[in-house]
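Colleague: Please read through the structure below; I'll follow up with questions.
The values are calculated or read from the model by the stated rules, or taken from the named source; none is laboratory data. The structure displayed is predicted, hence computed values, not measured ones. We place every Cβ from the backbone using ideal geometry, glycine too, and count neighbours over all the protein chains shown.
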Amino acid sequence: MEEVRVCLRREEDLSYDIRVGPGQLDRVADDLAARPVAARYLVLTDATVGELYAGELRRQLVERGLCAGYVEVRPGEESKSLAVLERVLSQMLAQRVDRGDCLLAVGGGVVGDLGGFAAGCYMRGIPFAQVPTTLLSQVDSSVGGKTAVNLPGAKNACGLFHQPARVYADVRALATLPEFELRSGLAEVVKYALIADEGFAAYLEENARSLLALEDEAATRTVAACCSLKAGVVERDERESGPRMILNYGHTIGHALEDISSYGLSHGEAVAYGMRCMSRLAGMTGMLSPSDQARHDRLLNAFGLATRPLDLDVDRVLAATATDKKARGGVLRLVVPTALGRVEVRDDVDRHLLRRAVAETLADPA
């Protein structure tokens with residue numbers, strides 16, 4: 001097991017632990033009994049994860065007298081909506097969840113984002129903890145306190161910052177993921193290497209097979225490394241006023257691709273195309289050397305990410321970037337690579353070159 005600490009100190013200490021390793025799901029109830037976050041715990045999950053893991057976790061909490069209730073939503077991005085948020089809040093009220101209780105989000109990024117938002121809104125805020133069960137949620141969305149639901153045509157447009165009290169990441173839960181969900185998470189793994197750590201990029205290059213096979217050691221080290229890299233960024237910029245924007249590498253184009261494909265592309269797959277696009281743009285402008293660009297794309301290829309052409313309209317993709325949350329005063333700000341392991345936030349990108357980079361990436365990504 002590895003443990004990562006996120007240190008956030010404002011008027012109150014919002015620091016928390018991320019426990020990463022095989023078998024964490026079997027330890028959650030015991031740990032919450034020994035180190036309580038709240039008096040009781042309401043489990044929020046989706047129907048798929050409920051059958052696999054959350055139902056058993058609920059039973060363990062009941063055995064210890066710690067269960068405040070149980071709410072299931074439908075799997076999928078459609079559950080990240082204001083309508084579903086209202087249903088969750090209503091069920092919390094009906095099950096008499098109070099301010100002394102904690103919401104326990106068990107599932108992937110949709111459940112974590114929805115649960116964190118619900119906990120942040122309910123009775124002006126109750127604690128919540130994360131038990132992420134997908135690779136994407138373990139390495140990214142469960143850490144940092146960004147919670148949200150989607151509005152029509154605008155992903156994550158309605159939300160708030162609400163830090164979890166604790167995170168438990170069981171790497172063996174990844175074995176039940178469909179391949180497309182695993183690859184979606186691998187895109188975020190590669191993102192951390194590309195934006196922040198050339199040494200981690202080298203580790204991924206050398207251990208791609210072990211990670212794809214979900215070997216315990218490789219999976220634990222990878223998830224912990226990503227959490228540590230994200231924790232370092234979040235500690236410097238909790239509310240995304242500056243440095244934290246680098247975590248959105250590939251996301252401006254990625255979110256646009258998700259939107260215009262009606263979420264036919266997974267989040268990670270869309271972000272992988274976004275990263276390829278930014279790499280190509282940086283190569284066109286001379287910001288990224290040919291050797292670093294080639295290595296950037298080889299790392300995506302090693303995990304089979306964003307390798308097929310997409311039949312999507314370039315102008316619709318560019319139009320969809322207008323709702324990007326990093327934009328200020330109508331000016332688009334893009335995270336652009338300058339070396340392997342380094343990126344910059346730029347607001348001076350030539351729109352004609354951006355259009356060319358998007359067109360080339362959609363037509364011939366790899």
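Colleague: Among the residues of segment 66-87, is there at least one that is farther than 21 Å from ASN156 by Cα and either surrounded by fewer than 17 Cβ atoms within 10 Å (Cβ to Cβ) or touching a residue at least 40 places away in the same chain (Cβ under 8 Å) (or both)?
Modeller: Checking segment 66-87: not a single residue is farther than 21 Å from ASN156 by Cα and either surrounded by fewer than 17 Cβ atoms within 10 Å (Cβ to Cβ) or touching a residue at least 40 places away in the same chain (Cβ under 8 Å) (or both).
Colleague: Can you find a residue that is over 23 Å from VAL6 (Cα atoms), hydrophobic (A, V, I, L, M, F, W, C), within 15 Å of the chain's Cα centre (by Cα) and assigned to a helix (DSSP H, G or I) anywhere in segment 182-193?
Modeller: Within segment 182-193, one or more residues are over 23 Å from VAL6 (Cα atoms), hydrophobic (A, V, I, L, M, F, W, C), within 15 Å of the chain's Cα centre (by Cα) and assigned to a helix (DSSP H, G or I).
Colleague: Looking at segment 53-81 only, could you name the residues that are aliphatic (A, V, I, L, M), touching a Lys or Arg at 6+ places or on another chain (Cβ under 6 Å) and modelled with pLDDT of 95 or more?
Modeller: LEU66 - this is the single residue of segment 53-81 that is aliphatic (A, V, I, L, M), touching a Lys or Arg at 6+ places or on another chain (Cβ under 6 Å) and modelled with pLDDT of 95 or more.
Colleague: Consider ARG308 carefully, then state whether it is of a type in the set (Lys, Arg) and in a helix (DSSP H, G or I).
Modeller: No.
Colleague: Is at least one residue of segment 103-115 assigned to a loop (DSSP other than H, G, I, E, B) and out of contact with any helix residue (DSSP H, G or I) (no Cβ under 8 Å at 6 or more places or on another chain)?
Modeller: no
Colleague: Would you pick out the residues in segment 233-269 that are among the small types (Gly, Ala, Ser), outside any loop (DSSP other than H, G, I, E, B) and without any contact (Cβ under 8 Å) to a residue 60 or more places away in the chain?
Modeller: GLY254 - this is the single residue of segment 233-269 that is among the small types (Gly, Ala, Ser), outside any loop (DSSP other than H, G, I, E, B) and without any contact (Cβ under 8 Å) to a residue 60 or more places away in the chain.
Colleague: Only one of (1) part of a helix (DSSP H, G or I); (2) at pLDDT below 95; (3) farther than 29 Å from ARG295 by Cβ is not met by ASN150, so which one is it?
Modeller: Going through (1) part of a helix (DSSP H, G or I); (2) at pLDDT below 95; (3) farther than 29 Å from ARG295 by Cβ one by one, ASN150 breaks only (1).
Colleague: Sticking with this structure for a sec: When you go through (1) in contact (Cβ under 8 Å) with a residue 60 or more places away in the chain; (2) closer than 28 Å to GLY268 by Cα; (3) touching a Leu at 6+ places or on another chain (Cβ under 7 Å); (4) of a type outside the set (A, V, I, L, M) one by one for ASP101, which number turns out not to apply?
Modeller: Result: ASP101 fails condition (2) only.
Colleague: Mind checking whether some residue in segment 228-251 is out of contact with any Leu (no Cβ under 7 Å at 6 or more places or on another chain), modelled with pLDDT of 95 or more and aliphatic (A, V, I, L, M)?
Modeller: Scanning segment 228-251 turns up no residue that is out of contact with any Leu (no Cβ under 7 Å at 6 or more places or on another chain), modelled with pLDDT of 95 or more and aliphatic (A, V, I, L, M).
Colleague: May I ask you to list the residues in segment 116-134 that are among the aliphatic types (A, V, I, L, M), outside any loop (DSSP other than H, G, I, E, B) and either more than 19 Å from ARG74 (Cα to Cα) or outside the structural domain of ILE18 (by TED's automatic domain parsing) (or both)?
Modeller: MET123, ALA129
Colleague: Run VAL171 past the list (1) modelled with pLDDT of 95 or more; (2) among the aliphatic types (A, V, I, L, M); (3) closer than 22 Å to LEU340 by Cα and report the number of the one that doesn't hold.
Modeller: (3)
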